[in-house]
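Pasting a structure here, questions to come.
The values are calculated or read from the model by the stated rules, or taken from the named source; none is laboratory data. As the structure is a prediction and not an experimental result, all values here were calculated from the model. Cβ placement follows ideal geometry from the backbone for every residue including glycine, while neighbour counts extend to all protein chains displayed.
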Amino acid sequence: MDLIVGQGHSYGFYWWEQGGPKSHPTWTKHIIDESFSQAHALLLTEIDGEMQLITGKRYRGHNGNDPGSYDSVVVYAYTLDRKTATFKRHILSMNGTASAGTQFIAADLDKDGDMDLASAGKLGVHIFENLRIDNVPKVMREQHIPLEQIWPFEGEGPIVQQENGRPDLVKNNNENRQ
Ligand SMILES: [Ca+2]
Ligand SMILES: [Ca+2]
């Protein structure tokens, strides 16, 4: 049995390979990733049919006193090739507000048939929606983009037709041009 260990309050996480006889085991340290600090939570789980290791940076693990406390906050998934014992990194969130916190959970949160993730940290609670199965219409996702879509704002000049603007706004633009 091998081990995967994250540095909760410094840089790096590793896997430790067990060797030797069971009566006198030896342990060899292997680097998985040392690019971020405070990998305070690790989750090894099967997602989309393959084993994945989920981790990331905890934000302000010791209230800003840990190494790397002010680095970008990241959350990564690592797919594991067990034949070569290599981990391939995939970005789930970078420089956003999602963080590792103290635990990840994996569950099909929207019950569409694929496994989603959630974490809670000092920057808030986040859900990572798995888009392998995506039953949400594009128009509905557009409505939930956290941006003000009615622009230019009042007093900022004439309305111009936007290539990807809301259908109702594009219609209004055409009326304004008449
Ligand atoms: Ca799902
Ligand atoms: Ca999904």
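Would you tally the residues in region 56-86 being assigned to a loop (DSSP other than H, G, I, E, B) and either among the charged types (D, E, K, R) or outside the structural domain of GLY101 (by TED's automatic domain parsing) (or both)?
Qualifying residue count for the region: 7.
If you take the residues in region 98-143 that are within 13 Å of ligand 2 (Cβ to nearest atom) and basic (Lys, Arg), which one is farthest from LEU44 (Cα to Cα)?
My answer is ARG141.
Another one. Quick one: MET51 ticks every box in (1) in contact (Cβ under 8 Å) with a residue 40 or more places away in the chain; (2) surrounded by fewer than 14 Cβ atoms within 10 Å (Cβ to Cβ); (3) under 25 Å from GLY113 (Cβ atoms) except a single one, so which number is it?
All conditions are met except number (1).
Please tell me if PHE36 is assigned to a strand (DSSP E or B), touching a Lys or Arg at 6+ places or on another chain (Cβ under 8 Å), modelled with pLDDT of 95 or more and more than 16 Å from ligand 2 (Cβ to nearest atom).
In short, yes.
If I filter region 67-82 down to residues being crowded, with 17+ Cβ neighbours inside 10 Å, touching a His at 6+ places or on another chain (Cβ under 9 Å) and at pLDDT 95 or above, which single residue comes out as farthest from MET1 (Cα to Cα)?
It comes out as VAL75.
Determine whether region 104-118 contains at least one residue that is surrounded by 11 or more Cβ atoms within 10 Å (Cβ to Cβ), aromatic (Phe, Trp, Tyr), within 16 Å of ligand 1 (Cβ to nearest atom) and within 30 Å of THR28 (Cβ to Cβ).
yes
For residues that are part of a strand (DSSP E or B), out of contact with any Leu (no Cβ under 8 Å at 6 or more places or on another chain) and over 13 Å from ASP33 (Cα atoms), tally how many sit in region 1-23.
3
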